[in-house]
Structures are given as structure tokens and as C-alpha cells.
1. Residues 96, 108, 118, 76: which one is free of Cβ contacts under 8 Å to residues at least 60 places away in the same chain and under 14 Å from residue 54 (Cβ atoms)?
2. From the list 124, 99, exactly one residue is assigned by TED's automatic domain parsing to the domain that holds residue 67 and at pLDDT 95 or above. Which is it?
3. Out of curiosity, is residue 74 assigned to a strand (DSSP E or B) and in the same structural domain as residue 136 (by TED's automatic domain parsing)?
4. Could you grab me the full set of residues in the stretch 77-101 that are in a strand (DSSP E or B) and surrounded by fewer than 17 Cβ atoms within 10 Å (Cβ to Cβ)?
5. With the requirement that a residue be over 11 Å from residue 62 (Cα atoms) and not in a loop (DSSP other than H, G, I, E, B), what does the stretch 166-181 give you?
6. When the residues of the stretch 122-147 are narrowed to those that are part of a loop (DSSP other than H, G, I, E, B) and in contact (Cβ under 8 Å) with a residue 40 or more places away in the chain, which ends up nearest to residue 95 (Cα to Cα)?
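The values are calculated or read from the model by the stated rules, or taken from the named source; none is laboratory data. Being a predicted model, the structure only gives us computed values, none of them experimental. Counting neighbours? That spans all protein chains shown, and the Cβs are built from the backbone with ideal geometry, glycine included.
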């Protein structure tokens, strides 16, 4: 299959990643490529010039000292929002970030491609406990960061935030607070 120079498929999926299987007469793209190409097209149509609106949600994480640290996070609810995430942002305030919710617990796979700021990724169980933290993830990296256990939420915060507040596995998380003390 040929993709024009500079096309989205070529940009996001180099030729060596394009996998085709040809049972019988019809060639069918792999499911991974189909969903990946859909993601590339969604990102390209939404960013960097197009804006996607994110609802804000107040999230509290209980630190070991017993106090609650609060963040006002963008909520990634739709496929377009989850795909875009924090990509292309030049700055993320210390008390901000993003929360991704999954309808069923699953092993999450995240990446930093097109993300301009370093982030901490906090993986949260369906029981609302931090199960894993991937600290200081490098901007624009294509490395896949995978949760060690099935999770229901991923919270992305500015790099260094989890260390600064001693947020660690086992910390309790509350999403959708009305106020924060």
C-alpha cells in the first residue's frame, strides 16, 4: 500500500509498522492499524489548531501526612479527548492536569508523543487507590507506559508533583469533589 509523502498514515505509522494480512482475495488491515490510523486522524483534526473542550473536575489525592492535595483536571471522556490528552500544550499548571476514565478496569497503555511537557502518570484502581506511578515521563517520547495492574483511571500531573507531595501507591483518590479543604 502506498501513502503519499507527508500523509498522516506515513507520519504516524512508518511503512515497517503497516501490517497487512491477505486471507483469500481481500486484504484486511490489522485491527491495530485501523484503530491507530483512526487515532492519528482524530488527533490531526483536533490539534494543534482545533480546540476540544474538556470539562473540569476537582480531584483530591490523600497524601501520607493525612492532608488532601487538590487538582483541577481536564476530564477526558470522549475518544477524541482521550486521544488528544495533553498533547501540544506548552504548559500545564502545577495544580492542573488530566484524568482518563476507563469504563472497565484494564491495563492502560499511555505515551508522550506530541506532549510538550514532562508528566507524572498516576494509575488508579477501581477501588480509588493509587496502584502505580510513572514519574517524570519525557516529553515527545514514543515509549509506551503500561500499568502493572488493571486500572480504572489515569491521572496526568506536571512532572515532579507526585514527589513534591509524597503521593505514593496506596494513596486514596477522590474524583468529582464539590470543594477541597
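1. Working: 96 fails: free of Cβ contacts under 8 Å to residues at least 60 places away in the same chain; 108 fails: under 14 Å from residue 54 (Cβ atoms); 118 fails: under 14 Å from residue 54 (Cβ atoms).
None of the other options fit; the residue is 76.
2. Numbers: 99 fails: at pLDDT 95 or above.
None of the other options fit; the residue is 124.
3. yes
4. Once the filter is applied, which keeps residues that are in a strand (DSSP E or B) and surrounded by fewer than 17 Cβ atoms within 10 Å (Cβ to Cβ), the stretch 77-101 yields only 101.
5. Answer for the stretch 166-181, where residues must be over 11 Å from residue 62 (Cα atoms) and not in a loop (DSSP other than H, G, I, E, B): just 175.
6. By that ranking, first place goes to 128.
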